[in-house]
1. Please tell me if Tyr248 is farther than 30 Å from Gly78 by Cβ, assigned to a loop (DSSP other than H, G, I, E, B), without any contact (Cβ under 8 Å) to a residue 60 or more places away in the chain and aromatic (Phe, Trp, Tyr).
2. Answer with yes or no whether Ala157 is more than 20 Å from Ala471 (Cα to Cα), at pLDDT 60 or above, among the aliphatic types (A, V, I, L, M) and more than 25 Å from the chain's Cα centre (by Cα).
3. In the range 139-163, which residue that is surrounded by fewer than 18 Cβ atoms within 10 Å (Cβ to Cβ) and among the aliphatic types (A, V, I, L, M) is nearest to Met79 (Cα to Cα)?
4. Would you mind stating whether Leu196 is outside any strand (DSSP E or B) and not hydroxyl-bearing (Ser, Thr, Tyr)?
5. Would you mention how many residues in the range 252-281 are of a type in the set (Lys, Arg) and in a helix (DSSP H, G or I)?
6. In the range 152-174, how many residues are touching a residue at least 60 places away in the same chain (Cβ under 8 Å) and either out of contact with any helix residue (DSSP H, G or I) (no Cβ under 8 Å at 6 or more places or on another chain) or within 18 Å of Leu473 (Cβ to Cβ) (or both)?
7. Quick check on my filter: what residues within the range 209-223 are more than 18 Å from Asn265 (Cα to Cα) and touching a residue at least 24 places away in the same chain (Cβ under 8 Å)?
8. Take residues that are of a type in the set (A, V, I, L, M), at pLDDT 65 or above and surrounded by 12 or more Cβ atoms within 10 Å (Cβ to Cβ) and tell me which of the helices (runs of 4 or more DSSP H) falling wholly in the range 48-115 contain 2 or more.
Amino acid sequence: MAAEAAGGGHIQVGRRIIRRPTTLLPRPTLLPLRRVPSPLANSISCWYCDYKTSFFNEPIFHFGRKYSRWLKIWFSIGMGFSLTTLIGVTMIVLMESARVLNLYNEIPWLSNILNGSILGLYAPVVKYSISMADVGYMCVSTIISVSVHELGHALAATSEGIQIEYAAVFLAVLFPGALVAFNHELLEMVPRVATLRIYCAGIWHNAALCVVCALTLFLLPFILYPLYLHGESLMVLDVSRESPLYNYLAPGDLITKLDGKRVRNSREWMDTAYLLDKQIFQTTNHYVSNKGYCVPNLEIAETKNPEIVDNEFKCPNELTLFTTIPCDRSSTMNDSSSNASDHQLTREHVYCFPAKGVLGEKKCGDRWDDIVKDNSTCLCTENESCSTPIYMPGVAWVEITFSRPCSSYNDSGSEENRCGGTFVFIGDMMSMARSIWLTGYLPRWSYIGALIPVVVEKLLVNSFHVSLMLALLNSLPMYYLDGESILEVALCCLSLTPRIREAVLRSSLLTGTLVCCLLLLRFILFVIL
């Protein structure tokens, strides 16, 4: 008779049955499972299917017995780590639940950690659409993380001399997973410390996988250096038809600057976009930027003043609101959030000008990162004025500088567009930043695929997050998770009467389950609202 040490299974110790799922699944008995006479018979139903195999039994058992001494040391370290994690995660969850119930004042550093690591992790997922490719990455990462978790249980058991009955992969509703089954009679014969090592092995392996993913991500530019350049510029992989940049950028283009600031990887692109977007929403009125262009006075004289509609300035299509600022303004402005109170916007001071018309002019102002100036003098000549666009509420004005191979152009395009150039984007900053697919890895040769580093990065990032989630969840003292088994065996090692031990175990599991349900409800409300 065998007992399953994984999600959907259990391990029998003494007269009690300890269920230990390792994935985010409902209680196994609620699934429409059917008992089969053979332990290797596969199960199939409307909501659940699995595949069992004994192919890995001998290799894993042989490896576990051969390196038993080193594996015991490895999993002993994991036991200490898992017990520490269980205590730490339990305290954090209890403190967070107490804060939610307003039982004490908020602790700033703890709130920052929780909001940044939990809600901040899922905010991009729940607030923006997920592509089918993202779903695929998540499924593959889940299979990898759960398999590593179960491999930890299997190696820890074989190092103690416990034979594996079989391994299985399953799909419950839409959640993939894996499990291994042990001989429970042999499990009852090993010492409690050895049993604790087996229970803690899954959490320890998930933590080790997080470290491996993080180190690989850090070293990935060096690993791929013979084939890819990294940190020079951003390559456009794809631009959706819904993107506002669809007619301006194409796959293969290299983005070098965003609003005058050098961007070398996807993180710098998003960070710069976020800072620009944050500056825009600091005010709800029209405001004047301190990023200007030296426009000839003759061109300004030929422009028309805007119309006033509903107390707002309006320009014809393809024209943008501009105003002139004094030369000393560029040296005295200290914040891009200066508004109309600093520079009175009257119809005489405002004119309509094409956004593309200023791109070839010299830049003035003190917020450009790509110009060097002497603050004591004006950058513009006497025949020029420092003109700056008038920012609309919630609308960004940014320059995007790019380059492209001169051979990939349309014959009708200008010479600047043939090999790249600079264009102005006016609109929602964050929507624009997320509407294109970028990579910081540039192939050294054209026949090398540019998607390989992207796929590797995605898998590493998703595996890190999923493995971290599994480690934290299984560290909680909750029913049907590894934390239940770890807590029970740990309590058996203390000098407590059976009644007290049972009371502490049940109260801890009940409290942990209720608290986690409370936090889950809070997360669901966060997603909905």
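1. no
2. No: the conditions fail for Ala157.
3. Within the range 139-163, the match that is nearest to Met79 (Cα to Cα) is Ile143.
4. Answer is yes for this residue.
5. Total meeting the criteria: 2.
6. Of the residues in that region, 7 qualify.
7. Passing the criteria: Leu209, Cys210, Cys213.
8. In the range 48-115, the matching helices (runs of 4 or more DSSP H) lie at 68-100.
The values are calculated or read from the model by the stated rules, or taken from the named source; none is laboratory data. For clarity, every value in this text was computed on a predicted model and none was experimentally measured. As a convention, Cβ positions derive from the backbone with ideal geometry for all residues, glycine included, and neighbour counts pool all protein chains shown.
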